[in-house]
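The values are calculated or read from the model by the stated rules, or taken from the named source; none is laboratory data. These figures come from a predicted structure and were not determined experimentally. For neighbour counting, all protein chains shown are included, and Cβ atoms are generated from backbone atoms with ideal geometry for every residue, glycine included. Areas reflect the complete protein model, heavy atoms only, side chains present, ligands, DNA and RNA absent. Shrake-Rupley method; radii C 1.70, N 1.55, O 1.52, S 1.80 Å.
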Amino acid sequence: MRNQLFIFLTLLSFTLYNCTNKSTSSDQSKEDTPGKAFYPVGNYIRSQLVYIDSMPLAVIKYTTIHSTTDTSIIEKNDFKHIAAAFITPDISLPEYKTQYDEHSFIDATLGTITLAYTANNETLSVRKADILLDQEDTKVKTIYIEKNIPGTDSSVIKKMLWTANRNCQIITLVQKKGQPEDIILERYVWDDRH
């Protein structure tokens, strides 16, 4: 993972250097696009699923609707289908890279690196993704993904947060025409020792 960040930062600095030393045209930006090195969110989530499978702990699901919380244990195989929401679609794949803008910054106060991806096309379901890395060891702290799923009579926004080695949550906001917004919070915890 450290090598991937090194490659990413190297490519980023090379791209910034080229942007300041070349005249920009649409042809040049198209040529530079294949060199983008987006963070491999899909690979990371799959590695987390392997980690969860290796643990002797259950995945506990907390569902909150209208201030009422229901608790249940979820099978790890079923959880894999839920986790797929974090990687479908995987914006780090080559066919999506041209449709997202990437920004990165270091917060020295918090000791973090943020990689932020925003859609440059209104039709894409993944509107934004933020990966928060530890500045010292470049390990993932959190991944935040926001999706917009339009429907014929409603719109659905999913706000998803993955906290490394601990839990994830999906907040689903459902807006039907002429009705108040429904909010569903689903939280999946596999390690609450921290």
**OP:** Provide the per residue accessible area, probe 1.4 Å, for the stretch 119-194, rounded to a whole number of square angstrom.
**Re:** 55
Original post:
Hey, how much of the P(r) for the stretch 33-132 falls beyond 19 Å, as a percent of Cα pairs?
Top reply: 57
Subject >> Set of aspartates and glutamates near Lys176 by C-alpha distance (under 17 Å), chain-local residues within fewer than 8 positions excluded >> reply: Asp153
**OP:** Using per-residue counts of other Cβ atoms within 10 Å, averaged over each peptide, order 58-65, 163-170 from highest down.
**Re:** 163-170, 58-65
Original post:
Residues with beta-carbon under 15 Å from that of Leu49, excluding Leu49: net charge, scoring Lys, Arg +1 and Asp, Glu -1?
Top reply: -1
Original post:
Ignoring ligands, DNA and RNA, what percent of the 1.4 Å accessible area of the stretch 85-147 is carbon and sulfur?
Top reply: 52
**OP:** In Å³ and rounded to a whole number, note down the convex hull volume per residue for the Cα atoms of the stretch 58-194.
**Re:** 154
Original post:
If you find the alpha carbon centre of the stretch 134-155 and of the stretch 156-194, how far apart are they in angstrom?
Top reply: 11
Original post:
Which entries in Lys76/Lys159; Lys139/Lys177; Lys61/Lys147 show an alpha-carbon gap greater than 32 Å?
Top reply: Lys139/Lys177
